[in-house]
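Remarks on the structure that follows.
The values are calculated or read from the model by the stated rules, or taken from the named source; none is laboratory data. What you are looking at is a predicted structure, and each value in this text was computed from that prediction instead of being measured. Here Cβ is always computed from backbone atoms with ideal geometry, including for glycine, and neighbour counts include all displayed protein chains.
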């Protein structure tokens, strides 16, 4: 349990602190909060939101910063959401990559089949509930909120895992099932962000820069030294690259890849994803909360450990710059996001998990029963981090975006729902 709590304190407590400060600040002095979030750090022609959009968002406050003739503005909000959050998504991508590609990876083989079916249900269910209820509310509401359909599909991996252990006990097979579902959910979420939520007009040719940087750094800093070292037990070239160049080739490639994503119209926060698979990694997976991971010395794990504290700070500012919602903005989108999470998730996971385990004969882990799928769905309804992020890109700043963000914040209530569901379905806690 210490390892889990350590992960949560590393990556989530500062995020919550930032979110709480934002909520208080926005409801005490919304104007100053708004100005700080959209504060211009650099007027330029290369990076940031368009000057026209920034002037629209800032309103009358834009004139206080003078008249500029640049094309873009690097704001505090853009720096956090579009630049620095790339580090957070790189860490998420690292876990997904290891789960898929490495020996003993949690998303490999038949053991992952039923969780993958349940993941699909955990995304289809929230979408159906969100859009279905929006349609019932009328065409005006539907048109206003429809683009937020992906917000309730997310699962906050750290908090869901912690709550899952509280509900099931550390030794229950449902906890591992939940972790597999959450990892697969993260992978699907990254794909959804890339495909359905571009940050601007698409210019796919710029992706050649991103993938060219990935191929180049893999060839020069990974594959070539290993090939030249064949037959050399001292591995001189690989050792020189590792000791002298260390992470720098990948950092440079990452910067190029990020810029390629930003110019291509895909969300730049995903810009480091092509680089993650090129970094030398361990030959087998031990699991996201495995004690063994802290002792691994491969470059990919070393980089993850080095990023731990910077990402903590990034998540604090992410919470601070995204959770500042005024309570008066609670509206239809709030309840639609919440309904998608706390209704769509549990029933979607139950239905598709049952389909995979029963009719398709993929089975459930020994010690799990069908009713556990519903409880897992309740736990997975904690959206928070990624739900907040999707809400920030799905809608333009304004009442609808604020209402949707409040729904993501309210999803913490799913923790209580999970405990109640566990009691009602008579979950037998199994200590680890």
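Which pairs turn up if I take residues in the stretch 159-171 that are assigned by TED's automatic domain parsing to the domain that holds residue 15 and on the phi > 0 side of the Ramachandran plot and look for partners that are in a helix (DSSP H, G or I) and at pLDDT 80 or above with beta carbon separation below 8 Å, at least 6 apart in sequence or on another chain? Pairs found: 169/175. Residue check: is residue 351 over 23 Å from the mean Cα position of the chain (by Cα), assigned to a helix (DSSP H, G or I) and either within 17 Å of residue 129 (Cα to Cα) or modelled with pLDDT of 95 or more (or both)? Considered against the rule, which asks whether it is over 23 Å from the mean Cα position of the chain (by Cα), assigned to a helix (DSSP H, G or I) and either within 17 Å of residue 129 (Cα to Cα) or modelled with pLDDT of 95 or more (or both), residue 351 comes out as yes.
Let's see how each residue does on (1) over 29 Å from residue 422 (Cα atoms); (2) over 17 Å from the mean Cα position of the chain (by Cα); (3) at pLDDT below 90:
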residue	(1), (2), (3)
367	no, yes, yes
370	no, yes, no
375	no, yes, no
384	no, no, yes
391	yes, no, no
395	yes, yes, no
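When 313, 337, 325 are checked against the criterion of being at pLDDT below 95 and either crowded, with 18+ Cβ neighbours inside 10 Å or not assigned by TED's automatic domain parsing to the domain that holds residue 80 (or both), a single residue qualifies: 325. Total residues in the stretch 353-391 satisfying the condition of being buried (at least 19 other Cβ atoms within 10 Å of the Cβ), in contact (Cβ under 8 Å) with a residue 24 or more places away in the chain and over 30 Å from residue 401 (Cα atoms): the figure is 7. When the stretch 397-432 is limited to residues that are farther than 22 Å from residue 86 by Cβ and under 17 Å from the mean Cα position of the chain (by Cα), the one that is surrounded by the fewest Cβ atoms within 10 Å (Cβ to Cβ) turns out to be 412.
Conditions tested, residue by residue: (1) closer than 19 Å to residue 329 by Cβ; (2) surrounded by fewer than 20 Cβ atoms within 10 Å (Cβ to Cβ); (3) at pLDDT 95 or above.
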| residue | (1), (2), (3) |
| --- | --- |
| 19 | yes, no, no |
| 53 | no, yes, no |
| 65 | no, yes, no |
| 68 | no, yes, no |
| 79 | no, yes, yes |
| 88 | no, no, no |
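Set side by side, the residues 74, 102 differ, and just one is over 30 Å from residue 321 (Cβ atoms) and either touching a residue at least 60 places away in the same chain (Cβ under 8 Å) or assigned by TED's automatic domain parsing to the domain that holds residue 190 (or both), which is 102. Tallying residues that are farther than 18 Å from residue 84 by Cα and in a helix (DSSP H, G or I) within the stretch 232-259 yields 11.
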